[in-house]
Amino acid sequence: MPKGKRAARNPQIERKQTQAASPSAIEVLEEDHRQVEEWFDEYDELKEDDDRKAELAQKICLALKVHAQIEEEIFYPQARKATEDNDLIDEAVVEHATVKNLIAEIESMEVGEDLYDAKIRVLGEMVKQHIKEEEQELFPELEPAKIDLEAFGKELAERKEELMSEMQA
């Protein structure tokens, strides 16, 4: 490159670099979705390893409680304003309440008790359906909305980190 000349800017590369530094709200939530789906799948493959089942159940329940809280505190109010899709968000809130009840039941039990594995499986099915609805219906409505998904993602990530440390203590 000749001296004194600057390289041409490439907005796509710059946007990708910004996203790498600060994921969008959708990326933060989708990352949570992939992680919990992975844990549910691993749990389903286990047969007799009660220690690993207990560890996975604890990870799943903690991740879902934190995820539900950041969605309810930050994501859903913003999404409601941006999309005006009250029905979809109302359904998601009801689904969260059902998931929280099932988590409370699971947390009060021990691996090996009657219905423990069934409750984890049902929780997994419910969560996977919820994820599908969010990713296929709600997230696409946010893409064209006038909402700063990167700033919003930073807020979600910071609150998630805060809640993880609080709930693990």
Applying the selection to the stretch 130-156, what residues are in contact (Cβ under 8 Å) with a residue 24 or more places away in the chain and closer than 20 Å to GLU38 by Cα?
HIS130, ILE131, GLU133, GLU134, GLU135
Check on ILE131, under 21 Å from VAL93 (Cβ atoms), assigned to a helix (DSSP H, G or I) and β-branched (Val, Ile, Thr)
yes
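From GLU158, GLU107, which residue is acidic (Asp, Glu) and either more than 23 Å from ALA25 (Cα to Cα) or surrounded by 14 or more Cβ atoms within 10 Å (Cβ to Cβ) (or both)? Can you show your working first?
On the way: GLU158 fails: either more than 23 Å from ALA25 (Cα to Cα) or surrounded by 14 or more Cβ atoms within 10 Å (Cβ to Cβ) (or both).
It is GLU107.
When the stretch 47-84 is examined, which residues are found to be acidic (Asp, Glu) and either touching a His at 6+ places or on another chain (Cβ under 6 Å) or open to solvent by 40 Å² or more (accessible area, probe 1.4 Å) (or both)?
Going through the stretch 47-84, the residues acidic (Asp, Glu) turn out to be 48-51, 55, 71-73, 84.
Result: GLU48, ASP49, ASP50, ASP51, GLU55, GLU72, GLU73, GLU84.
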What is the residue count in the stretch 87-100 for residues that are in contact with a helix residue (DSSP H, G or I) (Cβ under 8 Å, 6 or more places away or on another chain) and either open to solvent by less than 70 Å² (accessible area, probe 1.4 Å) or closer than 15 Å to ALA145 by Cα (or both)?
8
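The values are calculated or read from the model by the stated rules, or taken from the named source; none is laboratory data. Please read these numbers as outputs of a predicted model, since none were measured by experiment. Cβ: placed from backbone, ideal geometry, glycine included. Neighbour counts: every protein chain shown. Accessible surface is based on the protein model in full, side chains and every heavy atom, while ligands, DNA and RNA are left aside. Shrake-Rupley method; radii C 1.70, N 1.55, O 1.52, S 1.80 Å.
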